[in-house]
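Please treat every number below as a calculation from the coordinates, not as lab data. The model shown is predicted, which means the values in this text are computed figures rather than measured ones. Positions of Cβ are generated from backbone atoms using ideal geometry, with glycine treated the same way; all protein chains shown enter the neighbour counts.
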Amino acid sequence: MTGLPPAPPPSREYPDRPWVGIGVIVFRGEEVLLVRRARPPRQGEWSIPGGAQHLGETVEEAARRELLEETGVAAGPLHIALAVDAINHDEEGRPRFHYTIIDFAARWLAGTPQAGDDASEAAWFTRKQLSSLGLRAEVLRAIAEGRRRLDAEEPPFRNPA
């Protein structure tokens, strides 16, 4: 023991490296589950449920944990839909937030959406309703790719570890 206090956790704002973010695009029939973000970045926007991967946690474990924490919903099996970078710059052009996001697609298994953790709302939406939510193009692309992956019956993600 060194007698020094523990180091503060690294900040997600103005990070020294990208954070790994995990999203889960959940479908229940023709509906998709979305959450309204309660914190920056993208506070107040509807988005895919998800959050940061914890140290020592597999991406699959992170996906299931984040989905349950933010929505109270269980889904599976998990299929990798896409991986993207989400970089938000400040007025001076510095990266204020930088996430490398792995989005999974899955079918709803159980649970009624209940906002939790850093979500202020959680709800199901039909394809028609999506156009009225002001979703970013990246979110719409992820939803479309998630649907395509599930419709193609591609093998689910399996962590070899």
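Go through region 102-142 and name the chymotrypsin sites (Phe, Trp or Tyr not before Pro) that are in a DSSP coil and have 14 or fewer other Cβ atoms within 10 Å of their Cβ. Passing sites in region 102-142 do not exist.
Taking volume of the Cα convex hull per residue in Å³ as calculated from this structure, the corresponding entry among (1) 141; (2) 103; (3) 120 is (1).
Most simply put, the chain has about 75% antiparallel DSSP beta bridges, counting only bridges with both residues inside it.
Between R149, R94, R42, the residue with the greatest mean-square fluctuation in the GNM of the chain (Cα pairs under 10 Å linked by springs) is R94.
Residues I25, I143, arranged from fewest to most other Cβ atoms within 10 angstrom of their Cβ, appear as I143, I25. If I fit a long axis through the Cα atoms of helix 137-151 and take the longest principal axis of the Cα atoms of the chain, what angle between them do I get, 0 to 90°, rounded to 10? Taking Cα atoms only, the helix is inclined about 50 degrees. Compared with the dominant principal axis of the Cα atoms in the chain, helix 59-71 is inclined by about 80°. Residues E61, E13, arranged from fewest to most other Cβ atoms within 10 angstrom of their Cβ, appear as E13, E61. Using a Gaussian network model on the chain with a 10 Å cutoff between Cα atoms, which of P49, P113, P95 fluctuates the most? Highest fluctuation of the listed residues: P95. Of all GluC sites (Glu not before Pro) in region 82-161, which ones are in loop regions per DSSP and have a Cβ with at most 14 other Cβ atoms within 10 Å? Sparse-neighbourhood loop GluC sites (Glu not before Pro): E91, E92, E153. In region 19-151, Cα pairs under 8 Å separated by at least six residues give a relative contact order of 34 percent.
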